[in-house]
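**Q** The structure's right below; bear with me while I get my questions together.
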Amino acid sequence: MELTFEVIQQVEGSYVAACYSENIYTEGSSLEELHGNIVSLIDYRFQGRIKPEPSAVKLMLFRE
C-alpha cells in the first residue's frame, strides 16, 4: 500500500498536507513539524491494521 500526500506551502510559510485515499489531513509550521504530524496520524489511523512502510509514504510538494 502506498500513501501519497499532497503538500502545499502556504503564502505565510506553513504547510498543509492531504492524503485523499485515506482522508488524512494535517498541517505544520515547518516541514519537520509536518513530517512528525504525518507519522503520528499514520500511526493513529492504522491502529489494528497493517501500516504502510515508511518508503511507501510519498510527499508531493506544491507552492502557491
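The values are calculated or read from the model by the stated rules, or taken from the named source; none is laboratory data. From a predicted model like this one, the values you see are computed outputs, not experimental measurements. Neighbour counts are summed over all protein chains in view; Cβ atoms, including those assigned to glycine, are modelled from backbone coordinates with ideal geometry. Please note that ligands, DNA and RNA were not included when accessible areas were found on the heavy atoms of the full protein model with its side chains. Shrake-Rupley method; radii C 1.70, N 1.55, O 1.52, S 1.80 Å.
**Q** Taking the stretch 2-13, which residues are part of a strand (DSSP E or B), of a type in the set (A, V, I, L, M) and either open to solvent by 70 Å² or more (accessible area, probe 1.4 Å) or out of contact with any helix residue (DSSP H, G or I) (no Cβ under 8 Å at 6 or more places or on another chain) (or both)?
**A** Just the residues of the stretch 2-13 that are part of a strand (DSSP E or B), to begin with: 3-9.
Checking the rest, the ones that are also of a type in the set (A, V, I, L, M) come to 3, 7-8.
The one that is part of a strand (DSSP E or B), of a type in the set (A, V, I, L, M) and either open to solvent by 70 Å² or more (accessible area, probe 1.4 Å) or out of contact with any helix residue (DSSP H, G or I) (no Cβ under 8 Å at 6 or more places or on another chain) (or both): Ile8.
**Q** Right, next: When the stretch 19-52 is examined, which residues are found to be in contact with a Ser or Thr (Cβ under 8 Å, 6 or more places away or on another chain) and aliphatic (A, V, I, L, M)?
**A** Once the filter is applied, which keeps residues that are in contact with a Ser or Thr (Cβ under 8 Å, 6 or more places away or on another chain) and aliphatic (A, V, I, L, M), the stretch 19-52 yields Leu34, Ile38, Leu41.
**Q** In the stretch 40-63, how many are loosely packed, with under 14 Cβ neighbours inside 10 Å and under 29 Å from Glu12 (Cα atoms)?
**A** Pass one, the stretch 40-63, residues loosely packed, with under 14 Cβ neighbours inside 10 Å: 40, 43-44, 47-50, 53-56, 58, 60-63.
So of that shortlist, the ones also under 29 Å from Glu12 (Cα atoms) come out as 40, 43-44, 54, 58, 60-63.
Going through the stretch 40-63 one residue at a time, the tally reaches 9.
**Q** A follow-up question, please. Residues being of a type in the set (A, V, I, L, M) and either more than 14 Å from Glu6 (Cβ to Cβ) or assigned to a loop (DSSP other than H, G, I, E, B) (or both): count how many of those fall in the stretch 32-64.
**A** Step one: list which residues in the stretch 32-64 are of a type in the set (A, V, I, L, M), which gives 34, 38-39, 41-42, 50, 56-57, 59-61.
With the extra rule that they be either more than 14 Å from Glu6 (Cβ to Cβ) or assigned to a loop (DSSP other than H, G, I, E, B) (or both), the set shrinks to 39, 41-42, 50, 56.
Residues flagged as of a type in the set (A, V, I, L, M) and either more than 14 Å from Glu6 (Cβ to Cβ) or assigned to a loop (DSSP other than H, G, I, E, B) (or both) within the stretch 32-64 amount to 5.
Condition check ((1) in contact with a strand residue (DSSP E or B) (Cβ under 8 Å, 6 or more places away or on another chain); (2) hydrophobic (A, V, I, L, M, F, W, C)) across all residues:
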position	(1), (2)
Ile24	yes, yes
Leu31	yes, yes
Ser40	no, no
Tyr44	no, no
Arg49	no, no
Ser55	no, no
Arg63	yes, no
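**Q** For the stretch 14-24, which residues satisfy the criterion of being in a strand (DSSP E or B) and either more than 16 Å from Leu61 (Cβ to Cβ) or in contact with a helix residue (DSSP H, G or I) (Cβ under 7 Å, 6 or more places away or on another chain) (or both)?
**A** First, pick out the residues of the stretch 14-24 that are in a strand (DSSP E or B): 15-19, 24.
Scanning the stretch 14-24 gives Tyr15, Ala17, Ile24.
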